[in-house]
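We did not get these values from a lab; they are worked out from the coordinates using the rules stated. Note that the structure is predicted; figures quoted are calculated from it, not measured. No Cβ is skipped: glycine too gets one built from the backbone with ideal geometry, and neighbour counts run over all protein chains shown.
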Amino acid sequence: MRNYLASLHPSRRTVLMGSLATAALWPLYPTKGFAQSAEAGPDPESAAKAKGAVESFGEVILRISRQVWENPELSLHEEVSSEIHIRELEAAGFEITSRGTSNIPTAFIAEWSQGENGPKVGFLPEYDALPALGNSAEPRQEAGPTGVEVGHGCGHNMLGAGCTGAAFALRKLMMDEQIPGTIRVYGCAAEETEGAKVYMARDGLFNDLDACLAWHPAPLNATGLLRTAAANIMRIRYTGRTAHAGVDPWEGRSALKGAELFGTGIQFMREHIKTTTRLHYVYTDGGGAANVIPDAAEVLIMIRDQDRAEVNDVTEWVRDVANGSAMSTQTEVEIDHFFGLHDLLPNDTLVKLLHAHMSALTIEWSGQEQEFAKACQREMKLPEDGLMSTVMPMLPEITTGGGTDVGDVSYNAPTGLFAIATMPLGVGLHTWPVTACGGMSIGDKASIYSATVMAGVGYDIMTNAELREAARADFVRRKGDQVYVSPLPEGKLRPEGIPPHLLIRNGSDEFPAGYRQS
């Protein structure tokens, strides 16, 4: 096994190619394909097993993806989407051990195990959609099955199908060979807003895993030591005193001026913050009439940096700016820090294993699929480069400005993440071509490819103690002496915006009958 692990180490040439590729990587994607490294190691022996197991569940995997695509639901509203996963998991022999997990009605946990004291592997399906991205499975902007209001412009229909499908395939492999272990599928609601994974991590639900696996749709096929940013999100609310803006403005105190001065203060910070820091905000309330002094105003601000310590330092400075702006305008300010997340902690062992299984794939796009992709690119006025069919060399460690709630999982268990092409080169996430490709054969293939990779890696983790030990050792090394502290504010029970019909409105704020909290 040591020889196999050694074969997963990238060559100097591979690292160099990966370094060049990262200049255009996530979310600034390359416009041309990359040749696969000629020095890649041998395919894992389990790759063929995983492919066969996934093929036996192909119909189920595509049913999940297509049905979730046809029923797009916004974050925290994913009643139909979560039940599609639950229905298929129960039919496949999994037990739903938790509904309404971590106080989120559309989150769940499913589990299957056999034998005693076996390894534990988790999968992270997501299934929420985005506003204004409904689209048909056509290479142009055209209303989808439910209109244009909601659509899977981040590809979570495929993401969820791939993760849940991988769990099915891994269960089959374990049953066929009587391998002891536990497979756990986490229904990760609301990734686009206040991600369920952060609440689950606070509740310690990933702590006993040997590995946790996930993927994400992208215009490329890639994995590597990618680090995403940590973040805090806050609402800054100003309260003033209203007055007639023309007759007696001196009687008023403008909440809008407090918010504006806060924005100015943020701009004056920029010269003195690190290059890894990101500060972006919007005014969500600024009054309703120009001739009335506004007594209420609000700013929504997101603070990102390379890790939690950096984010927390900048957050304290932002608080000072908010308080100083209130003092200067004789208004009052309320600072609501309602959500946060960790940076993504990569894992060398899992990344190398993922890359080996990705390299074992034969990624094939038909001429019709390539033409569909090029038609999308024409509509977007992008180079007509089609779909990437090769796997990029393994990427070296790099930090991006974006964030994911998978980061909080990665501080509680060894975590592996990768990307499979589900959209044309040059196309970014959260756009209509992502929805379009996700509802046809391009998305179908990506769901199958991703499930194959994760099933193979899951099998290797389940059957090889040396791999598990290596993944755990790298997790411990990278985490160091840092103790996981939830970025959620104390007392924050659940995300905001849960539909009222999912909660009993009797003053107790309890869940409806049938929801079991972890």
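In table form, for the structure just shown:
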{"item": "Violating pairs (Cα-Cα greater than 18 angstrom) within the set LYS49/LYS172; LYS51/LYS172; LYS197/LYS352; LYS120/LYS352", "result": "LYS197/LYS352; LYS120/LYS352"}
{"item": "The chain - Rg (one decimal) and Dmax (whole number), Cα, Å", "result": "23.8, 84"}
{"item": "Largest-first principal axis extents, alpha carbons of the range 280-353, Å", "result": "63, 23, 16"}
{"item": "Cα→Cβ-extended label distance, 7 Å offset, between GLU45 and GLU397, nm", "result": "3.2 nm"}
{"item": "Average Cα contact separation per residue, the range 230-339, under 8 Å, 6 or more apart, as relative contact order %", "result": "44 percent"}
{"item": "Degrees, to the nearest 10: 156-177 long Cα axis against longest axis of the chain", "result": "30 degrees"}
{"item": "For the range 317-465: rounded, prolate or oblate by the Cα gyration tensor [a/c cutoff 1.5]", "result": "oblate"}
{"item": "Efficiency of FRET from Cβ geometry, VAL483 and ARG319, R₀ 25 Å, rounded to 0.05", "result": "0.60"}
{"item": "Of ILE448, TYR484, VAL391, farthest towards positive along the dipole that unit charges on Lys, Arg, Asp, Glu beta carbons give the chain", "result": "VAL391"}
{"item": "Per-selection Rg to Rh, the range 230-339 - Cα, Kirkwood hydrodynamic radius", "result": "1.04"}
{"item": "Neighbour-count order for THR404, THR463, THR182, fewest beta carbons within 10 angstrom listed first", "result": "THR463, THR182, THR404"}
{"item": "D (Stokes-Einstein, µm²/s), Kirkwood Cα radius, the range 142-204, 1.002 mPa s at 20 °C", "result": "148 µm²/s"}
{"item": "With Cα atoms, 0 to 90° folded angle of helix 308-329 axis to the chain main axis", "result": "20 degrees"}
{"item": "Backbone N under 11 Å from the THR276 label point (7 Å along Cα→Cβ), restricted to the range 338-361", "result": "343-344"}
{"item": "Inter-probe distance in nm under a simple model that places probes 7 Å from Cα toward Cβ, at GLU70 and THR242", "result": "5.0 nm"}
{"item": "Percentage relative contact order, the chain, counting C-alpha pairs under 8 Å, at least six apart", "result": "25 percent"}
{"item": "14 Å cut-off, amide nitrogen to a point 7 angstrom out along ASN312 Cα→Cβ, residues in the range 449-484", "result": "481-484"}
{"item": "Exposure proxy order (Cβ contacts within 10 Å, fewest to most) of TRP432, TRP215, TRP112", "result": "TRP112, TRP432, TRP215"}
{"item": "Rounded tilt (10° steps) of 46-55 against the dominant C-alpha axis of the chain", "result": "70 degrees"}
{"item": "Cα coordinate range in the range 360-415, projected on the principal axes (Å, largest first)", "result": "43, 29, 19"}
{"item": "Difference of contour (0.36 nm per residue) and Cα-Cα distance, GLN330 to ALA91", "result": "79.9 nm"}
{"item": "Globularity ratio of the range 42-155, using Cα Rg and 2.2 N^0.38 Å", "result": "1.27"}
{"item": "Helical contribution to [θ] at 222 nm, DSSP H n ≥ 4, -39,500 (n - 2.57), averaged over the chain, rounded to 500", "result": "-12000 deg cm²/dmol"}
{"item": "Ascending count of other beta-carbon atoms within 10 Å, so fewest first, for CYS188, CYS163, CYS212", "result": "CYS212, CYS163, CYS188"}
{"item": "Contour excess over end-to-end distance, with Cα ends at ALA143 and GLN267 and 0.36 nm allotted per residue", "result": "40.7 nm"}
{"item": "For the chain, with +1 on Lys and Arg beta carbons and -1 on Asp and Glu, the positive-most of ASN291, PRO125, GLN370 along the dipole", "result": "GLN370"}
